[in-house]
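Accompanying notes for the structure given below.
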Amino acid sequence: MTTETHENDLQAATAVAGRLVENVERVVRGKDEQVRLVLAALAAGGHILFEDVPGTAKTVLARSLAASVENAVFSRIQCTPDLQPTDVTGLSVYDALTRSFEFRPGPIFANVLLVDEINRAMPKTQSALLEAMAESQVTIEGITRPQPSPFLVLATENPIEQEGTFPLPEAQLDRFAIRTALGYPSAEEEVRIVTDQRAGHPLDELRAVATLDEIRILQAAVEHVYVDPLVLEWLVQLVRSTRDTDSVVLGASVRASLALERVARGSAIVDGRTYVEPADIERLFIPVVGHRLILDPFALAGESEGADTLVARVLAACLERVPRPEPDWDQASAAGRTPAP
């Protein structure tokens, strides 16, 4: 494909991302950064874990995104301790009329899948999601079935209630491209939310602004976003620095480097750019890498404000320790790789 074709694909992708952001924000008020994170993960083909209290619009965000894409299938799984893997993946049921088994797909076969309180599901049920998230396919009764494309998982955890929960294993956490929180809206935005919902929910009036084919174009365009070699080297060194850091038993893996680079590309498209800036890496470092660290229990015991504060401090130290690059944007622009900022 020619450079001109790539540029056209990038322009089409940024237009799609812009429409999606604007449409979702008609319903999800005051959460521009989080909405853009979700769209960056969607563009990158990644999944998102929301660790937040109830009532912060996690479900509304997922439904808004699904409603913004024409013919997108939205499913929701409410996790409980008695949820079985087949409740997620589906199973074969015997049909007496045809005297044969008929496969009935579970809710995992969707374009946008909301998994509520994922840590309330048993480990074997959590693992049913693992193959789908990692490989976009599900093996059921020896038969491998592909996931719909696109496929996005938005999972939630409640950090307050811990009774009856099963902490996500590291392998499962590592499959989420981003972990973040929505948080409560500002007082001004909360007033707007209450006002907007007096006569019904704005979600009911939301219309699709993109097609599934356009989402596939958005995801394919990520490949053509320019990453300067100096920025890429810095990204890798940042991830590697987590492996040699006090307070961390096990640092981020190579999968973290892959996720950070790809989500940064997706974020650039969402922001209307054809290239990744160092600021993208700084902004995404904690959401993409933070949940992949295994902290030293002794350091965690001495942290009065909790694990998230310790993770933020560790990653901030990595950003200070590894010098930020200064790419030659003019040279890159002259080579036709990216416009000079």
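Quick notes
- Restriction of the trypsin sites (Lys or Arg not before Pro) in the range 83-170 to DSSP coil positions whose beta-carbon has at most 15 other beta-carbons within 10 angstrom yields Arg99.
- Computed magnitude of the charge dipole of the chain (debye, nearest 20; Cβ of K, R +1, Cβ of D, E -1): 560
- On the beta carbon distance between Ala220 and Val254, with R0 = 22 Å, the FRET formula returns roughly 0.40.
- Separation between Cα centres of the range 124-185 and the range 234-311, rounded to whole Å: 19
- Taken along its three principal axes, the alpha carbon spread of the range 1-224 comes to 54, 51, 39 Å, from the longest extent down to the shortest.
- GNM flexibility winner over the chain from Val222, Val288, Val194 (Cα, springs under 10 Å): Val194
- Calculated diffusion of the range 226-341, Stokes-Einstein form, Kirkwood radius summed over Cα pairs, 20 °C and 1.002 mPa s, µm²/s: 143
- Magnitude of the charge dipole, the range 226-341, Cβ model with Lys/Arg +1 and Asp/Glu -1, debye to 20: 380
- A Förster radius of 22 Å combined with the Cβ-Cβ distance from Thr139 to Arg104 puts the calculated FRET efficiency at roughly 0.85.
- Taking label positions 7 Å along the Cα-Cβ direction at both Ala307 and Arg321, the computed distance is 2.1 nm, reported to one decimal.
- Nitroxide proxy distance, nm - points 7 Å out along Cα→Cβ at Ser149 and Asp196: 3.3
- Residue (of Ala171, Pro54, Tyr184) at the positive-pole extreme of the range 53-195, dipole from beta-carbon charges: Ala171
- Per-residue [θ]222 nm for the chain (sum of -39500 (n - 2.57) over DSSP H runs n ≥ 4, rounded to 500): -14000 deg cm²/dmol
- Label positions at Val93 and Asp204, each projected 7 Å from the Cα along the C-beta direction, are separated by 3.1 nm.
- Estimated D of the range 104-143 in µm² per second, where Rh is the Kirkwood radius over Cα pairs and Stokes-Einstein applies at 10 °C, 1.306 mPa s: 143
- Gaussian network model of the chain, Cα within-10 Å springs - most flexible of Leu49, Leu39, Leu212: Leu212
- Between Asp116, Asp228, Asp328, the residue with the greatest mean-square fluctuation in the GNM of the chain (Cα pairs under 10 Å linked by springs) is Asp328.
- The stretch between Trp329 and Glu25, if pulled fully straight at 0.36 nm per residue, gains 106.2 nm over its current Cα-Cα span.
No value in this document is a laboratory result; all are computed from the given coordinates. Small disclaimer: the values here were computed from a predicted structure and weren't measured. Glycine also receives a Cβ, built like all others from the backbone with ideal geometry; neighbour counts cover every protein chain displayed.
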